[in-house]
1. Could you list, ordered by first residue, the pairs with Cβ atoms under 6 Å in which the first is in region 75-86 and over 14 Å from residue 103 (Cβ atoms) and at pLDDT 95 or above and the second is in a loop (DSSP other than H, G, I, E, B) and more than 11 Å from the ligand (Cβ to nearest atom), at least 6 apart or interchain?
2. Would you please name the residue that is surrounded by the most Cβ atoms within 10 Å (Cβ to Cβ), looking only at residues in region 242-267 that are under 16 Å from residue 53 (Cα atoms) and out of contact with any strand residue (DSSP E or B) (no Cβ under 8 Å at 6 or more places or on another chain)?
3. Keeping to region 269-282, report how many residues are under 21 Å from the mean Cα position of the chain (by Cα) and surrounded by fewer than 17 Cβ atoms within 10 Å (Cβ to Cβ).
4. Would region 122-130 turn up any residue that is under 16 Å from the mean Cα position of the chain (by Cα) and under 21 Å from residue 53 (Cβ atoms)?
5. Restricting to strands (runs of 3 or more DSSP E) lying wholly in region 130-239: which have 2 or more residues that are closer than 15 Å to residue 257 by Cβ?
6. Kindly indicate the residue of region 97-114 that is within 13 Å of residue 87 (Cβ to Cβ) and either part of a strand (DSSP E or B) or in contact with a helix residue (DSSP H, G or I) (Cβ under 7 Å, 6 or more places away or on another chain) (or both) and also nearest to the ligand (Cβ to nearest atom) among those meeting that condition.
7. In region 194-212, what count of residues is obtained for those that are out of contact with any strand residue (DSSP E or B) (no Cβ under 8 Å at 6 or more places or on another chain) and either touching a residue at least 12 places away in the same chain (Cβ under 8 Å) or under 19 Å from residue 232 (Cβ atoms) (or both)?
8. In region 117-144, how many are in contact (Cβ under 8 Å) with a residue 40 or more places away in the chain and either away from the ligand (no atom under 13 Å from the Cβ) or surrounded by fewer than 14 Cβ atoms within 10 Å (Cβ to Cβ) (or both)?
Ligand SMILES: C[S@@+](CC[C@H](N)C(=O)[O-])C[C@H]1O[C@@H](n2cnc3c(N)ncnc32)[C@H](O)[C@@H]1O
């Protein structure tokens, strides 16, 4: 097959955007990750919560006798966890697929006066050319957006390849109470959030899930008013439904992992019944 030139790819991209316009009857829509300052204001956990999570990550590592190891941060966004871990003396490499988020992460890292290697990569399929990490983290309940089983399997293989034997993989999971409760469509969570140079209107919409696939659909929309301009974003998330029991089953289908358990991200208690988030902790089996 003839190799595609850069011009071929540009034409294909324009064609796909046109098709999207025709089929969806709306122009190509940016998402919130294209506006990192809006992400930080609207979606990112407060820094105090991130600090609590980082403390728990450190405790889990200390139990493995790791106090100053290497950490791979997946889907780092603006790098809240990575920055605090680097300040605590860990060597951090962070990946994300969105270049705007990585640029913003770079600014945060420079302000904090730490060094972190930032790499643009897809969590479903990545090879950083380095390995032997002591730990990988996937925070902010982002893991369930990998919905297809083939992608989930590939993701775990990629993470495993980058860890040392015995390395930990810590995944922050949303307890998904809202999904359990959402049996009807509708708009919720309307709010206005102040920005340094304007404000943003935010609202969410639930759509019927696919029970057979175990997937729910949530759309978040933002209207950003900034310096006399208005921008709109749409995030259309398919989210796989998980419970600790479903996660245990998933791990059994994957090769080379041991499930260490489910822990409160606040105090590592194993009583997670009332938690809105919890850590799923896996270990790379040798
Ligand atoms: C909810 S944010 C979480 C950011 C950060 N971990 C935090 O705690 O604030 C989700 C991030 O995942 C990134 N992302 C989504 N899908 C991805 C993928 N397939 N590969 C890499 N990054 C991805 C987005 O660009 C975004 O920065």
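The values are calculated or read from the model by the stated rules, or taken from the named source; none is laboratory data. Since this is a predicted model, take the numbers as computed values, not measurements. Please note: Cβ atoms are built from the backbone with ideal geometry, for glycine as well, and neighbour counts cover all protein chains shown.
1. Pairs that qualify, where the first residue is over 14 Å from residue 103 (Cβ atoms) and at pLDDT 95 or above and the partner is in a loop (DSSP other than H, G, I, E, B) and more than 11 Å from the ligand (Cβ to nearest atom), are 86/114.
2. By that ranking, first place goes to 266.
3. 1
4. Within region 122-130 (the criterion being under 16 Å from the mean Cα position of the chain (by Cα) and under 21 Å from residue 53 (Cβ atoms)), the answer is yes, since at least one residue qualifies.
5. Because the criterion is at least 2 residues that are closer than 15 Å to residue 257 by Cβ, the strands (runs of 3 or more DSSP E) in region 130-239 that meet it are 133-138, 163-174.
6. Only one residue tops the list, namely 108.
7. The qualifying residues number 2.
8. 4
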